[in-house]
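Notes follow the structure.
The numbers here are math on the coordinates, done by the rules we state, and not lab data. These figures come from a predicted structure and were not determined experimentally. Positions of Cβ are backbone-derived with ideal geometry, glycine not excepted, and every protein chain shown enters the neighbour counts.
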Amino acid sequence: MLSLFRDSVANTNAALVLVLVIVAAASTGVRSAGLLAALSSAAWFDYFLTEPYDRFAITKRADIETAVLLMLVGAAVTEVALWGRRQQARASREQGYLDGVLRTAAAVGAGRSSVDTLIGHVCDQVADLLQVDRCRFDPGNGSALASIDEDGTVSYNGHRIDVARLGLPTDTEIALVARSRGVVHGRFLLTAATSVVRPSRQQLRVAAALADQVGAALATHTTNAPDTIDL
């Protein structure tokens, strides 16, 4: 379409129009779309808008610089758009984590839910948060080969492991203790056997905070914790 007006539209203005196309493609958040738009814009700028027309050849230095800048600007805009989308997704996740903890804390404080219901709710939240296969609550306090600590670290056989690199253990249940004022009131046992999951340190800390909400609820009830709940 721009080639229809190439005699009346300066190449610099045509290049700005192509930049808009690149930005539109980059805003999708797909890196390949943004880079392809940048590359194709430079190629068709050469083919349709620079002399000799309808050939992949550029004779003017200014046109060469414009074509190169189209590719560079396209690549830069694509990366900026991807960075913005990652930041937006991160902020959304963090808000979701906070909302989950606040809802659980509110339920504990108001006493609106039974302990059984609260445990089931937290089990669902933890399983979804950490992307594990299964979550169950054990009112006991036995030993566990793997555990999640309050600071978000994971221990296996007494040694801390790098979850970002190795993922959560897949060969044993992972204990997530429910505490209140230093007293253990049970634990969530997590299974991540079918796939390797690598939750962030923040996600693990949120899971520990959710478990402690259950510990606080159990501490305020005179009844014993329920039997094992499988979800």
Ranked VAL196, VAL30, VAL126, criterion: other C-beta atoms within 10 Å, fewest first: VAL196, VAL30, VAL126
For the range 30-42, Karplus couplings with θ = phi - 60° (6.51, -1.76, 1.60), whole Hz, Gly/Pro x: 9, 4, 4, 5, x, 5, 5, 5, 5, 5, 5, 5, 5
Fewest to most Cβ atoms within 10 Å: LEU35, LEU166 sort as LEU166, LEU35
Taking amide H atoms as placed 1.01 Å from N in the peptide plane, list the residues 5 or more away in sequence, or in a different chain, whose amide H sits under 5 Å from that of ARG187. ASP138, GLY140, ALA178
If you count, for each residue, the other Cβ atoms within 10 Å and average over each peptide, how do 150-162, 173-185, 43-55 line up from highest to lowest? 173-185, 43-55, 150-162
In which sequence would CYS135, CYS123 go, from the one with the fewest C-beta neighbours within 10 Å to the one with the most? CYS123, CYS135
Mean Cα-pair separation over length for the range 120-220, i.e. relative contact order, pairs under 8 Å, 6 or more apart, %: 34 percent
